[in-house]
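Undergrad: Okay, handing you the structure first.
Derivation of every value follows stated rules applied to the coordinates shown; laboratory data play no part. Note that the structure is a prediction, hence the values are computed from the model and not measured. Counting neighbours? That spans all protein chains shown, and the Cβs are built from the backbone with ideal geometry, glycine included.
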Amino acid sequence: MDYLQIKKASPLHGEIKISGAKNASLPLIAMAILAKNSVEIRNLPNVADIKTLLKLLSNLGAKCSSAWAENNNVTTIDTSSLTQTKATYDIVRTMRASILVLGPILARFGHCEVSLPGGCAIGQRPVDLHLKALEQMGAVINIEAGYIHAIAPNGLKGCDIIFDKITVTGTANIVMAAALADGITTITNAAREPEVVQLCEILNASGVQIDGIATAVLKIHGTNGRLLHIEPFSIIPDRIEAGTYLCAAAITRSELTLTDVNAGHLGAVISKLQEMGSKFTITDNTITIHPSEVIKPVKIVTQEYPAFPTDMQAQFLALATQADGTSIIEERLFENRFMHVSELQRMGANISLNGHVATINGGTKLSGTDVMATDLRASSALVLAALVADGITDVHRIYHLDRGYDSLEQKLQNVGADIKRLKE
Ligand code: EPZ
């Protein structure tokens, strides 16, 4: 297994190009199941989760070609030869977002079997809201031997759905199911994340009229089984990758410029960094951060978009260890998303946990040591801490990191960090 060896960084300098968003790519790849033509997707991030989902579609019989390095990470997906409708455990267990094929396959073929994704390190991650909505649309769903068996003998019918909780992939799954349904589906309490917005925009441009895009109430006019013609499109920038590098700049007191980024997707993140002392120069597709020498403490509560994103919680917790004072961070979405805390404590951080609330007494010097990544965003928090820790930090189990960060060590090396990937 690989690990990252990171030495304390002097201030970084230069530019980092932001890759396409992992969490936009996953539903948009699944969306290809609704197409009658071969779908060209550009600006895909070269990360493990994307390769896993492309492998799943290939296992189902789709033809996926990828040109990762040659021309801007383009893939084409032809699902005309897709014949299998069973997403097996071996793949789904490695990436729970595989659940995103359930809606499209059921909508197109009228039957689908998907292994229950199970939980993951950060929480139970149930899919009950996905299933309840599909049943409202006429699906018959049974769970047997760890698999979701779904059939829609009379096709899916548009209906009014109210999500008890805001669910990102739940909204994406139902939007895709509704795209081919007979009639209009209204989703109330829909997720408004930019990744869901792009999915709706692409479907809308492909003949599925969707009203209320980017709002909490979506109205999807189904095509009643008519497959879609989907023109080539490019994935939006990854706002979480961008936020992670902004935290890297803030924690090392470095002026960095991010390119190919959309500051409009980072409102809550930029606002919190401003509260902590950073200033920004922003253009249409760049963000330059001017960090402060003194980092002010902060109070953060994670909530659904456009509020502060849970996927940035770990990174800000690492940053808060260097603040001049005490910060409070409350995690409201997932039940076990503080696993980076124990590793940061081993580096010398002064953090106490009380249920879903972390209290971080800043101003502590961190010391490099061996640390272990436990989940995707926790991994990036450990990298940030390692950039300011005295000595050398070895971050192990970085397969977690490789799920969602494209070329992280190269991007940090390019701005002067002393970071290299080694073999255990
Ligand atoms: C998406 O996960 C993201 N993943 C996650 O990013 C992100 O943390 C999360 O949204 C919240 O923003 C992808 O988009 C692939 P949810 P998702 O359904 O859709 C509960 C990363 O680091 N819930 O919005 O699985 C659930 O338990 C990953 O890139 C139900 O109770 O999250 C959670 O408490 C990690 N029943 C809350 O809703 C359901 O049927 C939000 O979950 C579905 C969800």
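Undergrad: Which of E335, E40 has the fewest other C-beta atoms within 10 Å, and how do the rest follow up to the most?
TA: E335, E40
Undergrad: Okay, moving on. Report, ordered by chain and residue number, the lysines lying within cross-link reach of K272, taken as a straight Cα distance under 16 Å and ignoring same-chain residues fewer than 8 apart.
TA: Candidates past the 8-residue exclusion: K296, K299.
Undergrad: So, one more: Test of the criteria: in the stretch 92-148, which trypsin sites (Lys or Arg not before Pro) are in a DSSP loop and have at most 15 other Cβ atoms within 10 angstrom of their Cβ?
TA: Those that pass, being in a loop and sparsely packed, are R93.
Undergrad: Let me ask something else. Under 5 Å between amide H atoms, partner at least 5 residues away or on a different chain: which partners does H111 have, H built in plane at 1.01 Å?
TA: Placed amide hydrogens put A152 under 5 Å from H111.
Undergrad: Along the charge dipole of the stretch 183-339, pointing to its positive end and built from +1/-1 on Cβ of Lys, Arg, Asp and Glu, which listed residue (I295, T326, V269) has its Cα farthest out?
TA: Among I295, T326, V269, the one farthest towards the positive end of the dipole of the stretch 183-339 is T326.
Undergrad: If amide H atoms are built 1.01 Å from N in the plane of the peptide, which residues on other chains or at least 5 residues away come under 5 Å of the amide H of G362?
TA: G325, T326, S327
Undergrad: For K55, go through the lysines and keep the ones whose alpha-carbon is under 26 Å away, minus same-chain ones fewer than eight residues off.
TA: Counting by Cα, and skipping residues close in sequence, K55 has these lysines nearby: K22, K36, K63, K86, K423.
Undergrad: What FRET efficiency do you get for V217 and S367 if R0 is 45 Å and r is their Cβ-Cβ distance, rounded to the nearest 0.05?
TA: Once the sixth-power term is evaluated, E becomes 0.35.
Undergrad: Please find, in a Gaussian network model of the chain (springs between Cα atoms separated by less than 10 Å), the residue of A386, A378, A358 whose mean-square fluctuation is greatest.
TA: So, out of A386, A378, A358, the one fluctuating most is A358.
Undergrad: Just to confirm the filter: which GluC sites (Glu not before Pro) across the stretch 195-294 are DSSP coil and have at most 11 other Cβ within 10 angstrom of their Cβ?
TA: Listed in order of number, the matching sites are E293.
Undergrad: Here is a follow-up. Could you point to the residue in M176, G391, I141 farthest towards the positive end of the chain's charge dipole, with +1 and -1 charges on the Cβ of Lys/Arg and Asp/Glu respectively?
TA: I141
Undergrad: Here's another thing I want to ask about it. Counting other Cβ atoms within 10 Å, which GluC sites (Glu not before Pro) in the stretch 104-184 have at most 13 and lie in a DSSP loop?
TA: Taking the stretch 104-184 and a limit of 13 other Cβ atoms within 10 Å, no loop GluC sites (Glu not before Pro) are found.
Undergrad: Pull up the cross-link candidates among the aspartates and glutamates for K165, meaning alpha carbon to alpha carbon under 19 Å and not fewer than 8 places away within one chain.
TA: K165 reaches D128, E135, E193, E195, E304, D311, E330, E331, E335.
Undergrad: Next question. Sort H265, H111, H229 so that the residue with the fewest other Cβ atoms within 10 Å of its own Cβ comes first and the one with the most comes last.
TA: Ascending Cβ contact count within 10 Å gives the list H229, H111, H265.
Undergrad: How large is the dipole of the chain about the Cα centre if only Lys and Arg carry +1 and Asp and Glu carry -1, each at its Cβ, rounded to the nearest 20 debye?
TA: 200 debye
Undergrad: Then there's this: Taking K and R as +1 and D and E as -1, what net charge do the other residues with C-beta under 15 Å from the C-beta of L156 add up to?
TA: Spelling it out: positives minus negatives among the neighbours equals +1.
Undergrad: What is the sum of charges, Lys and Arg at +1 and Asp and Glu at -1, for the other residues whose Cβ falls under 14 Å from the Cβ of G222?
TA: +1
Undergrad: Give the residue from P11, H221, I41 lying farthest towards the positive end of the charge dipole for the chain; charges sit on Cβ (+1 for Lys and Arg, -1 for Asp and Glu) and the dipole is referred to the Cα centre.
TA: Working it through, the farthest residue towards the positive pole turns out to be I41.
Undergrad: Amide H to amide H under 5 Å from K17: which residues, 5+ apart in sequence or cross-chain, H placed 1.01 Å off N in plane?
TA: Close amide H contacts, sequence-distant or interchain: T259.
Undergrad: Could you list the residues of the stretch 35-58 with an amide nitrogen less than 11 Å from a label point located 7 Å from the Cα of H229 in the Cα-to-C-beta direction?
TA: Label zone hits: 36-37.
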